[in-house]
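The values are calculated or read from the model by the stated rules, or taken from the named source; none is laboratory data. Just so you know, these numbers come straight off a predicted model, no measurement behind them. Ideal geometry is used to build each Cβ from the backbone, glycine not excepted, and the neighbour counts take in all protein chains shown. Side chains included, ligands, DNA and RNA excluded: accessible areas come from the protein's heavy atoms. Shrake-Rupley method; radii C 1.70, N 1.55, O 1.52, S 1.80 Å.
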Amino acid sequence: MNTVDIIRKKRDGEELTRAEIQHWVDGISNGSIPDYQSSALLMAIRIQGMSDEEAAVLTDAMAHSGKLFTPQDLGGFSVDKHSTGGVGDTTTLVLIPLLAAAGLTVGKLSGRALGHTGGTIDKLESIPGFRTDLTLDEFLKLVRETRLALADHTDDMVPADLILYELRDVTATVDSLPLIVASIMSKKIAGGAQGIVIDVKTGAGAFLPKLEDSRRLAQSLVAIGSKLGRKMSALITDMSQPLGLMIGNALEVVEAIDTLRGQGPKDLADLCCELGAELLVFAGEAATHEDAILKLQQLLANGQALDSFRQLISQQGGNSSVIDDPSLLPRAARKVEARATTSGTIASLNALEMGRAANLLGAGRYTKEDAIDPAVGIELKLKVGDRVEAGGILAWLHVNSEEHLDTACSMVEAAYTIDPSGAQHTPPRLIVERIVGTPED
Ligand code: URA
Ligand code: CA
């Protein structure tokens, strides 16, 4: 097969065959296709697009480019969730133990902070001793024996995505819907889950802020996963303001513990139950969505979800005493108040600006090599719909250094839009839309 012919075909808007796509992915993986040809093909795909069939074939070929798990490898009814990335999105830390407590198999491979959004692996690493760098054998053993593991991606899974992502980054081809979908779903398919729920964020703090773009992404992820035989659903959820009250690594671990104890912020708990309910119904652990929500709420209230988090921490080498004594987690040297300059009702709270401010304090990275400070971040006192008086506290910045502090504090204050008119403002709807698939295999 000739790679030039494949590039020409896609350049001219034709559909590629399974064999042609497989030839490309094989060539990327074994190095026989040079970067300049892959770059040309990426640009042709970026401009001409791909059918759902082509995107599904690409996803499957990428998933098979390295080591992968089948649902049989994991045992039980295995589930996974993916978020397109948010600010203060503490969901995974709550949802994974919650689902394990509900009887599902959850072996999840997760990622680090990217841009203004946080990453589960960085958050977990704020727990003293917690190992995120499990080998695939260690990971699989834990999942088989305990139905529960949460670790960092390894380079031997989906190597084709690592290579393609680097090329996309430097060829202006990141923002292609089929390439984004294949990148996300190849990693989910390789993870071996039977049921997958995707949390597609929308609004200022989301990777795709516009609802129509979030919807297209959600539909495409569900379509491709379904074509590959997985039970799929996607919730489009609000990320115009941050989720919960904490933004930052150790701060979000504290918030997750509160939520697993049934005492967390309502929006975070509600979102975890909504996402979890999709998977409980897929697994046959609940007859209806409403039954599933009730079951999950019970597990949060009766301590079983928290026990499951305790187990996850200790079986991956962490100090599970942090659950009863959060002072064992890294703590910032001091708290600085962000204050309102006018009286009124909070009309909006820009999640993107909040994520950027948290990064300035050291909660995120600017380059892959940067170290993060697990202790720093932002604790929100007020969110959309709350009333504030001039001079009142909006949020606290947890800080370890004076560098960038004034800028970060101004950014936090400016992220709040306060309406002095006396008009009512209600928080944005948490679940904006729900998209469910029908598995085809
Ligand atoms: N997340 C991914 O994993 N891949 C993309 O291409 C975009 C977002
Ligand atoms: Ca949060």
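When peptides 5-13, 17-25 are ranked by their average number of other Cβ atoms within 10 Å per residue, the highest-first order is 17-25, 5-13. Simple spin-label estimate for residue 162 and residue 366 gives 2.7 nm between the two label positions (7 Å along the Cα-to-Cβ direction from each Cα). Of 36, 165, the residue with the largest accessible area leads and the full order is 36, 165 (1.4 Å probe). Histogrammed with a bin width of 20 Å, the alpha carbon distances of the chain distribute as 26, 56, 18, 0 percent, first bin at zero. Across all Cα pairs in region 310-441, the calculated P(r) in 5 Å bins from zero up to the longest distance comes to 2, 9, 15, 15, 14, 13, 13, 10, 5, 3, 1, 0 percent per bin.
Measuring between their Cα centroids, region 179-229 and region 258-295 lie 20 Å from each other. Rounded to the nearest 500, the 222 nm mean residue ellipticity of the chain from helices alone is -14000 deg cm²/dmol, with -39,500 (n - 2.57) taken per DSSP H run of at least 4 residues. Dividing the radius of gyration of the alpha carbons in region 3-49 by their Kirkwood radius gives 0.93 for Rg/Rh. Looking only at the chain, where both bridge partners belong to it, what percent of the DSSP beta bridges are antiparallel (to the nearest 5)? Taking every DSSP beta bridge with both residues in the chain, the antiparallel ones total about 55 percent. The smallest convex shape that holds all Cα atoms of region 148-287, its convex hull, gives 147 Å³ per residue.
Magnitude of the Cβ-charge dipole of region 88-219, K/R +1 and D/E -1, about the Cα centre, nearest 20 debye?
460
With all protein chains kept in place, the per residue accessible area of region 191-271 amounts to 27 square angstrom at a probe of 1.4 angstrom.
Its Cα centre serving as origin, region 334-399 has a Cβ charge dipole (Lys and Arg +1, Asp and Glu -1) of approximately 80 debye. Rolling a 1.4 Å probe over the protein heavy atoms gives region 332-419 an accessible area of 45 Å² per residue. In region 3-49, the portion of solvent-accessible area held by carbon and sulfur atoms comes to 48 percent [1.4 Å probe, whole percent, DNA, RNA and ligands not counted]. Amide H to amide H, with H built 1.01 Å from N, residue 110 comes under 5 Å of 151, 152, 153, counting only residues 5 or more places away or on other chains. Between the residues 40, 65, 240, the greatest Cα displacement towards the positive end of the dipole of the chain, with unit charges on the Cβ of Lys, Arg, Asp and Glu, is found for 240.
Using the Cβ of residue 312 as centre and a radius below 12 Å, the other residues enclosed give a net charge of +3, where K and R count +1 and D and E count -1. Pairs from the list 10/368; 266/295; 10/187; 187/231; 10/201 with a Cα-Cα gap above 21 Å: 10/368; 10/187; 10/201.
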